[in-house]
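Asker: Here it is: the structure, laid out below.
The values are calculated or read from the model by the stated rules, or taken from the named source; none is laboratory data. In this text, all values refer to a predicted model and were calculated from it rather than measured experimentally. Every residue, glycine as well, gets a Cβ built from its backbone with ideal geometry; the counts of neighbours run over all protein chains shown.
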Amino acid sequence: MEATIQGDGQSSLSVTKTGITIRLPSQVFGKGWVNVMTWLQEAIGQRRFIAFSPQVMTERNPNPDAPRWKQSCVDVLSWMIFLLKVPASHELVQLWYAIDWRAINSMAVPLYHNAYGGRPAWAPAQLIAMLVLMFLYNVAHETTLVNRVQENIVWCWFCGFGLFGPFPKHDALYELRKRLGVDKFEELLTIAVYACLEAGLVLNALVHFDLTPVIASAHRWSPYERAVILSRALIRYLELVWAEQTPEEPFPEVLCKLAVEVALECLPHKSTTDVKAERIIESVEKWEQDAEAEGGEPVWKVASDEIVEQLRAEETPLNLREMMEQSVEKLGGCLKGVARQVLEQMPHARGDQSARVGRTTSYTWFCGYLLGFAVDRARQVITAVVWAAGNFKQSKLFKPALKAHIKRLGKPKAAAADSAFDEFEVHNELDKEGITGHITSRAHTQPRDGGYGTNRVTWVEGSAQPLCPGGEPLKSGHQSRDGRQIFEGTACAGCELYKRCHPTGKGEPKQFSLNPEAHRRWQENRVHCQTEEYKDAQGKRFASEGRFGLAKMNHHGARAPYRSDEMNHIAGLMIAIVMDYVILAQHQPAERRFI
């Protein structure tokens, strides 16, 4: 039996049990038929339908122990449509040629063990190609990505699939991310950076480093909710310790109130300033009752129980009876230490337990992560990526970023960053590596009374003798574990600057608290910031900050696509990989056809 349909009087389609026959006369293509005929004759003559992307992306390593990849079936109809509908000038064609797909498969070989049995796996190159599209075009979810690849002819070609499938499901992408992990995605970034280096797009003369906040895909706890969760954890901790130490006596209500007061003090916020402890206690009880009624274990309860159990196992519990008899205030002070440890581990949001509330340099609060790029000045190629929770101290991310850059490319001649990185540990790392640092100098905190701060302290050249704002020697005093030292004025009496230097002093000597070594290095940097070399490096740095603007606008840099620290770290690496390959594709010789 045969079913036939006439299209426009010239073209036709016939369906039989053995297949489909399509007839397209030259008139269908109009004046362009000569070009179409030429393309097809050349393609068939050179058998270009065999030298096609799926063969490159699913090619098996000749080693007999190499994993077996699923072979995509690119039928002749798909091939012809690709040839006619995927223009050689398309950005994805150029991008496809910029990526070494064989290197991607080779990198992943040790993680697959199906050489002699089991089902063939989706080739990593094809799945990475899908992730490239996701981060290139800011596709919201992997489920959406899978659908769009099947709907878009160019996307389908880019990933090496035939128009009629088969296609991987979104769980194949999840399994790939879990299988490869952060380390292998770091290798993917290395492959991209090396390709840019070979193309002459990386000079390693000046490297810029900066961070940007990435909002988590989660619902952030409100200040009141955080206070309730912390209160519940502290109450639970005290209840367990009390039951161990004095099992014969009921748990005193005064400890509940104390736990809430400590929680509110550790989480200061204007919206909770006037909140009564009794209201928090009522909320804790209601949340507990609601959780029992629902029959589930909400994130806040599971997390706080785990944290409390860990603290009881690792820390020596407070002697509650003895401390209550001495002073409730003293007990509260000790409980603050427990509260701080709970806060370090406590989830800050629903949906992503790794996300943390942090603050940007503009003093705006966010819940999520910090994404950092080391960027080579030559063509803005991203050479290293760092990822951390939102409350992580920004300056501590400079060293791992620099280490990752050096591991890939060697030491740069110079590095530039903003004032958030004007810290002794950053300068010390640059000095140790012999790298010139162009770090914007930050202002030192001024005393509350409006007097002179540590920025007015100078040093006798070639010695460790500090001088006060009036140029007189300072006397060294107590030194703390963190290296900070107290220095006291020796000539405050009768000093003309005393009232300005120490407005609330009432004749007492002025004191300055600083780390001598860090303070001297800070002043050296402040002098360096006046040089033309520094100004030139910082002027170039502003161009690199455009990487973050593009990442936020086009490549998932504004909101994390996944809901865990490791997976979102992978997302940060994918952003850099995609942006580097885009730069590489833009500087490659134009290809005439996609073969």
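Asker: Among the residues of the range 113-125, are any touching a Phe, Trp or Tyr at 6+ places or on another chain (Cβ under 9 Å) and of a type in the set (Ser, Thr, Tyr)?
Answerer: no
Asker: Only one residue in PRO473, PRO503, PRO509 is in contact with a Leu (Cβ under 8 Å, 6 or more places away or on another chain) and farther than 27 Å from THR436 by Cβ. Which one?
Answerer: Only one candidate passes the filter, namely PRO473.
Asker: Tally the residues that are surrounded by 15 or more Cβ atoms within 10 Å (Cβ to Cβ) and of a type in the set (Ser, Thr, Tyr), restricting the search to the range 317-355.
Answerer: The number of residues fulfilling the criteria is 1.
Asker: Can you name the helices (runs of 4 or more DSSP H) wholly within the range 514-570 that have at least 2 residues being among the aromatic types (Phe, Trp, Tyr)?
Answerer: By residue number, 532-544.
Asker: I'd like to verify a number: residues in the range 196-211 that are touching a Lys or Arg at 6+ places or on another chain (Cβ under 6 Å) and assigned to a strand (DSSP E or B), how many?
Answerer: 2
Asker: Hey, can you tell me all the residues within the range 209-254 that are of a type in the set (Gly, Ala, Ser), buried (at least 23 other Cβ atoms within 10 Å of the Cβ) and farther than 30 Å from ALA576 by Cβ?
Answerer: Listed by number, the residues that qualify are ALA227, SER231, ALA233.
Asker: I'm told ALA415 meets every condition in (1) buried (at least 18 other Cβ atoms within 10 Å of the Cβ); (2) closer than 30 Å to ALA349 by Cα; (3) among the small types (Gly, Ala, Ser) except one. Can you identify the failing condition by its number?
Answerer: In the conditions (1) buried (at least 18 other Cβ atoms within 10 Å of the Cβ); (2) closer than 30 Å to ALA349 by Cα; (3) among the small types (Gly, Ala, Ser), ALA415 misses (2) alone.
Asker: Considering only residues that are within 34 Å of the chain's Cα centre (by Cα), modelled with pLDDT under 90 and of a type outside the set (A, V, I, L, M, F, W, C), look in the range 73-93 and name the one that is nearest to PRO166 (Cα to Cα).
Answerer: Looking at residues that are within 34 Å of the chain's Cα centre (by Cα), modelled with pLDDT under 90 and of a type outside the set (A, V, I, L, M, F, W, C), I get HIS90.
Asker: Report, by residue number, each residue of the range 150-185 that is among the β-branched types (Val, Ile, Thr) and at pLDDT 95 or above.
Answerer: Of everything in the range 150-185, just one residue is among the β-branched types (Val, Ile, Thr) and at pLDDT 95 or above, namely VAL182.
Asker: Shifting gears a bit: Checking the structure you have, find out if any residue of the range 379-400 is of a type outside the set (S, T, N, Q), within 24 Å of HIS556 (Cβ to Cβ) and over 21 Å from the mean Cα position of the chain (by Cα).
Answerer: yes
Asker: Among the listed residues ALA585, ALA518, which satisfies the condition of being of a type in the set (A, V, I, L, M, F, W, C), surrounded by fewer than 20 Cβ atoms within 10 Å (Cβ to Cβ) and under 30 Å from GLN479 (Cα atoms)?
Answerer: The match here is ALA518.
Asker: For the range 429-441, which residues satisfy the criterion of being surrounded by 17 or more Cβ atoms within 10 Å (Cβ to Cβ) and among the charged types (D, E, K, R)?
Answerer: Within the range 429-441, GLU429 is the sole residue that qualifies.
Asker: Residue by residue through the range 543-558, note down the ones that are under 13 Å from the mean Cα position of the chain (by Cα), more than 14 Å from ASP210 (Cα to Cα) and of a type in the set (A, V, I, L, M).
Answerer: ALA558
Asker: In the set VAL139, VAL93, which member is in contact (Cβ under 8 Å) with a residue 40 or more places away in the chain, of a type in the set (Val, Ile, Thr) and not assigned by TED's automatic domain parsing to the domain that holds ILE570?
Answerer: None of the others qualify; the one that does is VAL93.
Asker: Follow-up question, since we're still on this one. What are the residues in the range 338-376 that are assigned to a strand (DSSP E or B), over 15 Å from ALA560 (Cβ atoms) and within 17 Å of the chain's Cα centre (by Cα), if any?
Answerer: Within the range 338-376, ARG359, TRP365, PHE373, ALA374, VAL375 qualify.
Asker: Here's another thing I want to ask about it. I'm told LYS535 meets every condition in (1) in contact with a Ser or Thr (Cβ under 9 Å, 6 or more places away or on another chain); (2) loosely packed, with under 14 Cβ neighbours inside 10 Å except one. Can you identify the failing condition by its number?
Answerer: Every condition holds for LYS535 apart from (1).
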